[in-house]
Each structure stands twice: as C-alpha cells, then as structure tokens.
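Below is one structure, written out as structure tokens; comments come after it.
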Amino acid sequence: GTDEQEAAFYAIVDSDGRIEPRDAMPEAYRKTLIRQMAQHAHSEIIGMQPEGNWISRAPSLRRKAILLAKVQDEAGHGLYLYAAAETLGVSRDHLLELLHTHQQKYSSIFNYPTLTWADVGAIGWLVDGAAITNQVPLTRCSYGPYARAMVRICKEESFHQRQGFEALLTLTRGSARQKAMAQDALDRWWYPSLAMFGPPDRESTHSDQSMRWGIKRFGNDELRQRFVDMTAPQADVLGLTIPDPDLRWNDERGHYDFTQPDFDELFRVISGDGPCNRQRMEHRVAAHTEGAWVREAAAAYAAKRAKRAEA
Ligand code: FAQ
C-alpha cells in the first residue's frame, strides 16, 4: 500500500474505529487476522468432538437436548467465523484444506479426552469460561467483521458456561461418587484451561504487534489472571478444590496468586503431540470426506436454481 493508505489505516486504528473489508490494510495485518480467525473457527468445529462424544451417553433426555444444542451452537460459531474470515479474501474451502494438512492450528484444549460425564460440565464451566474471558475483549477488535461475530458468540458462550456450572453443581450435590467425579474432571481440566490463553507474554510471538493493531486488547497473562480471579470463587460455590496448593487471594495485588500451567506441555500439544491430536484430525478429515456428496448436491441445487431464475 501507499504511505497515504497506511496513514489512513493507522488513523482508524488509533481512534478506535473499525477496519472494514473494503479498507486498505497492511498485508501483515490481513495475514495475522486470517491466522487468528481461522484458528478460532477451526477450534469451534474441532471443539464439537470432545463433547459430541457424550451426546449418546448423556444421563437424561434433558441433558441430551441441552448438549445437542450446545454442540450445534459450536458448529454455528465456526460458520460465523469462517464467513468473517472470507471477507479477507480467503475461501472456507482453502482454510479447511490448511487445517487438514496441518498448516493451521486449533486450540490445544481440544486435544484432551472426555473420560466421564463430569468432563462435559467441566468443559462448559472452564473451557467456555476461558473462551469468554478471551473473547469479550475481541468484541472490540479493530477488524469489524470479527468484532461483530464475537458479540453473538459471546452471548452464546456465556449460556454455555452457566450450563456447565449447573451440570457440575448437580453432581457436587449428588452422591459421594458423583462429587468425586466432578473433582476429578476439575483436576484434569484446570491446567489445560489455563494454557488456552497462550504462552506468557514474554514468549508470545504475536502479542505486541496484535495489540498495536487493536486485534488483541490485552496480553495473554492478564487474561489468564482474569480467568483465575473469576473462577476461584466459583469453585468454592461448587465445593470443589482447584488442584493448585499455591492458589490464594493476594490482598496487596488484588488478585489470586496461582501456579502457571506447564508451557512445555502446551507447546508439545500445539505441535501435534497431545493425547488426542491424531484422533481429532482423523475424525475431522473423515467427516469432511464423507460429506463431499452433501457439498456437491448443494452446489448442484444452487446452480439449478440460478439457471431457473435466469430463464
Ligand atoms: N492452542 O503469539 P501467541 C472455543 C499458538 S475457545 C493452540 O501468543 P496469539 C470455544 C499461536 O497460534 C478456543 N495454539 O499467539 C469452545 C501462535 O502460533 P503461530 C479458541 C496456541 O495468536 C468452547 C503461537 O502459539 N479461541 O473454541 C495456543 O497472539 C467449548 C504463539 O502464541 C480462540 O482461538 C493454544 N492454546 O495469541 C468451543 C480465540 N496459544 O501462529 C467448543 C482467538 C497460542 O505463531 C467447546 N484467538 N498458540 O505458529 C486468540 O485470542 C489468540 O490467537 C490466542 C493466542 C490468545 C489463542
């Protein structure tokens, strides 16, 4: 772009305006947005798998209906995000191709297994809780289509979070075995949830630039702290113990002190070596391949209708 275009871009960003698809933008800004939005979209659709695993085994009809609706919402979030990414000049097909060939990522959290029913509650409470903490600031992201998609997604995620909390509350008020199952789920999901926020700021590749561009509004560490501050009192209400002996309120800081997640584990999981990476990708690619006839039929139907409209 020209210097003039660049000045116009920064004038919008610096005045907290929104960049729209037709505005000139630096190529690196466009690339960063495509990376983050695609990764986010991929996370939504891969994220359907761990909970989808429990749809046929939900403990009651009511729980099953709720879980089905939640997993459908996640498919919807993926669609809003792919559509928002398409405004940057990439196609959804291409983005899926990049996912399927390991050239783009999805969130580390979805590479962990859902071993019991309590895991479904823990995902809603912790994973959706972390997602909201990270995504509410994205409603003020400098790229208009992404920011607007986030508004609706955050409303739905906050319902998902309460759903998970309520499912866990039911278990913690149940039998000793049910309570133990809820505690075990918290023990396994706590640190992977903290890792969702990404590496510490000092090791974060993109944070400084993304904050300069108004894509990210806060660093990874600040959002992780916010999540701990929000979640610790909720664990008390549930009567569950967060698996961190050093977690305690620090009056001076006005925040909870806590133990950081194992970032070596995060990088291992991101690079493909988590407990379920292979299974998640195989399932995704198989679903895509088996769904080819649906895409072909939809395209043929659209072409037929277009032809009819012409006649
Ligand atoms: N997993 O320089 P940074 C959901 C990568 S919620 C995998 O700090 P950035 C809802 C990062 O891409 C989950 N990769 O990166 C739901 C970068 O890689 P690269 C999805 C990670 O972008 C709930 C490198 O490490 N939410 O789906 C992770 O500035 C329940 C260096 O990191 C979003 O995607 C990780 N945890 O900050 C669905 C939110 N952390 O490209 C179903 C939007 C870092 O250099 C059920 N995304 N990496 O090779 C963001 O806010 C940001 O992208 C961050 C990372 C904060 C995730």
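Somewhere in the stretch 170-183, is a residue of a type in the set (S, T, N, Q) and under 23 Å from the mean Cα position of the chain (by Cα)? Don't jump to the end; show me each part of the working.
Residues of the stretch 170-183 that are of a type in the set (S, T, N, Q), as a first pass: 170, 172, 175, 178, 183.
Adding the requirement that they be under 23 Å from the mean Cα position of the chain (by Cα) leaves none.
Scanning the stretch 170-183 turns up no residue that is of a type in the set (S, T, N, Q) and under 23 Å from the mean Cα position of the chain (by Cα).
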| field | Filter result for the condition that a residue is aromatic (Phe, Trp, Tyr) and either surrounded by fewer than 15 Cβ atoms within 10 Å (Cβ to Cβ) or within 23 Å of residue 73 (Cβ to Cβ) (or both), over 249, 190, 213 | value | 249
| note | By my count, helices (runs of 4 or more DSSP H) wholly in the stretch 73-158 with at least 1 residues that are under 22 Å from residue 210 (Cβ atoms) and more than 12 Å from the ligand (Cβ to nearest atom) are 92-100
| query | Restricting attention to the stretch 2-38, which residues are touching a residue at least 60 places away in the same chain (Cβ under 8 Å) and over 27 Å from the mean Cα position of the chain (by Cα)? | reply | 12
| Taking residue 201 and the conditions (1) within 21 Å of residue 256 (Cβ to Cβ); (2) away from the ligand (no atom under 11 Å from the Cβ); (3) more than 18 Å from the chain's Cα centre (by Cα); (4) surrounded by fewer than 19 Cβ atoms within 10 Å (Cβ to Cβ), which numbered condition does it fall short on, given that it satisfies the others? | (2)
| said: If the requirement is being of a type in the set (Lys, Arg), at pLDDT 95 or above and within 30 Å of residue 202 (Cβ to Cβ), which of these qualifies: 284, 248? | reply: 248
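Restricting to the stretch 42-56, name every residue that is more than 7 Å from the ligand (Cβ to nearest atom), in a helix (DSSP H, G or I), more than 21 Å from residue 100 (Cβ to Cβ) and not β-branched (Val, Ile, Thr).
Within the stretch 42-56, the first condition is being more than 7 Å from the ligand (Cβ to nearest atom), and the residues that meet it are 42, 45-46, 49-50, 52-56.
Still in the list and also in a helix (DSSP H, G or I): 42, 45-46, 49-50, 52, 55-56.
If we keep only those that are more than 21 Å from residue 100 (Cβ to Cβ) as well, we get 55-56.
Answer for the stretch 42-56, where residues must be more than 7 Å from the ligand (Cβ to nearest atom), in a helix (DSSP H, G or I), more than 21 Å from residue 100 (Cβ to Cβ) and not β-branched (Val, Ile, Thr): just 56.
Could you count how many residues in the stretch 99-127 are of a type in the set (D, E, K, R) and farther than 23 Å from residue 234 by Cα? Can you show your working first?
Our first condition is that a residue be of a type in the set (D, E, K, R); within the stretch 99-127, this holds for 105, 119.
Then drop every residue that is not farther than 23 Å from residue 234 by Cα, which leaves 105.
Number of matching residues: 1.
The values are calculated or read from the model by the stated rules, or taken from the named source; none is laboratory data. Computed from a prediction, not measured in an experiment: that's the story for all the values here. Glycine also receives a Cβ, built like all others from the backbone with ideal geometry; neighbour counts cover every protein chain displayed.
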